[in-house]
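Read the figures in this text as sums done on the coordinates, not as results from a lab. Predicted model, so just to flag it, every value in this text is computed and none were measured. Cβ placement follows ideal geometry from the backbone for every residue including glycine, while neighbour counts extend to all protein chains displayed.
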Amino acid sequence: DVKVTQSSRYLVKRTGEKVFLECVQDMDHENMFWYRQDPGLGLRLIYFSYDVKMKEKGDIPEGYSVSREKKERFSLILESASTNQTSMYLCASSHSRLAGPRYEQYFGPGTRLTVT
Amino acid sequence: SQQGEEDPQALSIQEGENATMNCSYKTSINNLQWYRQNSGRGLVHLILIRSNEREKHSGRLRVTLDTSKKSSSLLITASRAADTASYFCATGYNDMRFGAGTRLTVKP
């Protein structure tokens with residue numbers, strides 16, 4: 001079974017704190033993704049990575065950075081948390097499209113982050 | 001920017017009825033995928049349909065794709081209370097884009 005795990009289910013942080021969200025997958029997937037989900041807005045892509053040390057901006061990268069030092073791990077960093085970053089954060093992974101026809105995404109359970 | 005848009009935003013039906021959700025997208029696609037999300041959880045992949053396919057079945061799920069109209073539909077037949085969830089369509093290559101979802105409630 002594919003497994004994508006996220007470091008925390010619930011997290012409460014204060015404004016201005018540096019926040020790390022960790023994601024680990026065990027399927028040797030090339031691609032990894034970070035989304036945030038807000039009511040009425042669906043999932044919005046923050047960053048994605050298609051290889052170790054590679055990253056690409058998604059639709060809403062402002063205020064976030066990422067790190068991928070190992071293939072199985074993709075970290076999302078909030079350099080200075082703000083209240084408008086209160087959200088559900090979802091990590092996902094998939095094979096590269098070049099790796100074959102099955103490149104659906106597998107999601108972690110999500111981290112609900114509250115910034116006060 | 002979001003690629004897919006689901007319609008309706010919310011749908012409420014009785015157990016045993018069929019549920020139909022629609023998805024429209026803006027640009028040409030290689031494939032379109034449908035996902036389900038139970039309340040407060042991650043998304044689970046349901047089905048993928050390629051741009052050269054018009055219809056695909058998986059159990060009680062039936063997906064159609066009309067590339068000329070840039071639209072897709074997901075039909076769930078003989079719905080069950082356990083089908084209560086949000087359903088999303090997604091398009092893209094390595095970087096996927098999701099719509100805002102359809103919230104389906106199946107009443108027992």
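The B:A81 and A:Y10 beta-carbon pair, evaluated with R₀ = 30 Å, returns a calculated FRET efficiency of approximately 0.65. Taking only the Cα atoms of the protein assembly as shown, the ratio Rg/Rh comes out at 0.97, with Rh defined as the Kirkwood radius. When each of A:F48, A:F74 is scored by the number of other beta-carbon atoms lying within 10 Å, the sequence from fewest to most is A:F48, A:F74.
Taking other C-beta atoms within 10 angstrom as a stand-in for reagent exposure, A:H95, A:H29 fall in the order A:H95, A:H29, fewest first. When chain B is described by a simple charge dipole with +1 on each Lys and Arg Cβ and -1 on each Asp and Glu Cβ, the residue from B:T84, B:S72, B:W34 located farthest towards its positive end is B:W34. Taking a ≥ b ≥ c as the square roots of the eigenvalues of the Cα gyration tensor, an a/c ratio of 1.5 or more together with a/b no larger than b/c marks segment B:61-103 as oblate. The share of C-alpha pairs in chain A whose separation exceeds 19 Å stands at 41 percent. Across peptide B:5-12, the average count of Cβ atoms from other chains found within 10 Å of a residue's Cβ is 0. Taking the centroid of alpha carbons for each part, segment B:69-91 and segment B:13-67 are 5 Å apart. Here the Kirkwood formula, the inverse mean of 1/r across different C-alpha pairs, assigns chain B a hydrodynamic radius of 13.7 Å. Put in order of Cβ neighbour count within 10 Å, fewest first, the listed residues B:I49, A:I46 become B:I49, A:I46. Scanning residues 5 or more positions from B:L46 or on other chains, those with amide H under 5 Å from its amide H are B:W34, B:Y35, B:R36, with H placed 1.01 Å from N in the peptide plane.
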